[in-house]
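Everything on this sheet refers to the single structure shown next.
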Amino acid sequence: MGMINEYLVENEIEYDPNFLLSTITKIKGNGCCDYYCKPNSLSQLKKIISFCITENILFDVVGNVSNTYFLNNYRTSVIVSTLKVKEISFNNDSIICSCGVNLSKISRECVRRGFAGYEGFIGVPGTVGAAAINNTGAFQSSMHEIVKSVTLLNLENEIIHLTNKDLKYETRNSVLKSLEIKGFVLSVEIHTKEKEDITVLKQRVLENRIFRKNNIDGHRKSLGSVFVSPTLRYLMVNFRVRLFLKKICYAPFKILVKDTAKLKKINTFLVFLFLGVPQLAKHCDSLNRFCWEENTLEDDFMNYINTMQRLSKNKLKIEIAIKGNQ
Ligand SMILES: Cc1cc2nc3c(=O)[nH]c(=O)nc-3n(C[C@H](O)[C@H](O)[C@H](O)COP(=O)(O)OP(=O)(O)OC[C@H]3O[C@@H](n4cnc5c(N)ncnc54)[C@H](O)[C@@H]3O)c2cc1C
């Protein structure tokens, strides 16, 4: 372990020793690492990842951890955070973003310059590196539409480039997420081919922000959608009659209750009630969004996942990254 310490100091890579991951996730838990490293440039990022690969050190790379759950039993030597790796360079018809650039920032920059296709990313809390792996998307924007190529450091310590086609994008999936190809995203090249009137783009951003605030992102701590949304259809089909009855029951509330937040809460409760698992409602903002409060336990989260899988006959695909031994 002294070896890592020396390497980090020698290369002036900032780090926190004996790091409890709840510090960054804001979710209570015991997952931890020996060194939480915060490289501040692409060159430092490459160095620390290469070092861990060469020296066979157990490590992980994370972005904004907005989509990652660390189990209580999660232990590793090194976690490399990409959050300070934020270089951006503009070319003729593309932008090269280092992996730690925030998706909302890219959205704002592109809209300001009149580049279309980025308006939907406003308010998505992740980094572009993770988004390129997950094929993140919202409203009219999706990573598979804008990624030109991704630069990786693979497990053999080689730099490789994958084109959009190589990434084989599917809903919230790619060859990097399915681990068909293993590696760490260093940078993402996104295209800026399409231009549109800036006022129109800004208006779309505003509408998306308002919609997110009222209908998607609540005030409670969540990791976004737990399951890949289209796979929820299996559950919907299994329970179509009950969910139809729920719709009838919900109709009067839609007329009587004017407060959208209250209405959303009622809807969520009714969905879980009609699915026969009302006890899950208190943990969720919607069918697909689990929320953490001060007293939420890992068992509550695991119970939610297992119950949802049971209801869908194990057909749901998990969207978030769960790290540790399950
Ligand atoms: C409130 C909220 C709203 C959200 N809304 C949306 C939405 O509208 N649409 C949507 O698609 N998603 C949404 N998400 C999910 C999430 O923000 C995105 O998927 C985002 O792209 C994740 O980025 P991150 O940097 O936080 O990833 P992290 O959680 O840090 O990482 C996710 C996974 O990628 C790996 N990883 C991260 N960076 C790298 C790298 N450089 N190289 C290799 N592996 C890496 C991690 O190890 C982990 O396995 C939302 C989440 C929240 C909390």
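The values are calculated or read from the model by the stated rules, or taken from the named source; none is laboratory data. Since this is a predicted model, take the numbers as computed values, not measurements. Cβ placement follows ideal geometry from the backbone for every residue including glycine, while neighbour counts extend to all protein chains displayed. When the accessible area is computed, the model is the full protein with side chains, heavy atoms only, and any ligands, DNA or RNA have been set aside. Shrake-Rupley method; radii C 1.70, N 1.55, O 1.52, S 1.80 Å.
Points to keep in mind about this one:
- Within the range 11-25, being in contact with an Asp or Glu (Cβ under 9 Å, 6 or more places away or on another chain) and either surrounded by 15 or more Cβ atoms within 10 Å (Cβ to Cβ) or not assigned by TED's automatic domain parsing to the domain that holds residue 61 (or both) holds for one residue alone: 19.
- Note on the range 283-326: residues that are out of contact with any Leu (no Cβ under 8 Å at 6 or more places or on another chain) and among the β-branched types (Val, Ile, Thr) amount to 3.
- Only a single criterion out of (1) part of a loop (DSSP other than H, G, I, E, B); (2) without any contact (Cβ under 8 Å) to a residue 60 or more places away in the chain; (3) open to solvent by 20 Å² or more (accessible area, probe 1.4 Å); (4) in contact with a helix residue (DSSP H, G or I) (Cβ under 6 Å, 6 or more places away or on another chain) is not satisfied by residue 28, namely (2).
- Output for the range 168-199, where each listed residue is more than 13 Å from the ligand (Cβ to nearest atom) and buried (at least 20 other Cβ atoms within 10 Å of the Cβ): 189, 190, 192
- Test: residue 22 is away from the ligand (no atom under 13 Å from the Cβ) and in contact with a Gly (Cβ under 7 Å, 6 or more places away or on another chain): yes
- Spans of strands (runs of 3 or more DSSP E) in the range 73-124 with at least 1 residues in contact with a Gly (Cβ under 9 Å, 6 or more places away or on another chain), in contact (Cβ under 8 Å) with a residue 12 or more places away in the chain and not β-branched (Val, Ile, Thr): 75-81, 94-98
- Counted residues, the range 200-222 - those being within 16 Å of the ligand (Cβ to nearest atom) and farther than 11 Å from residue 288 by Cβ: 16
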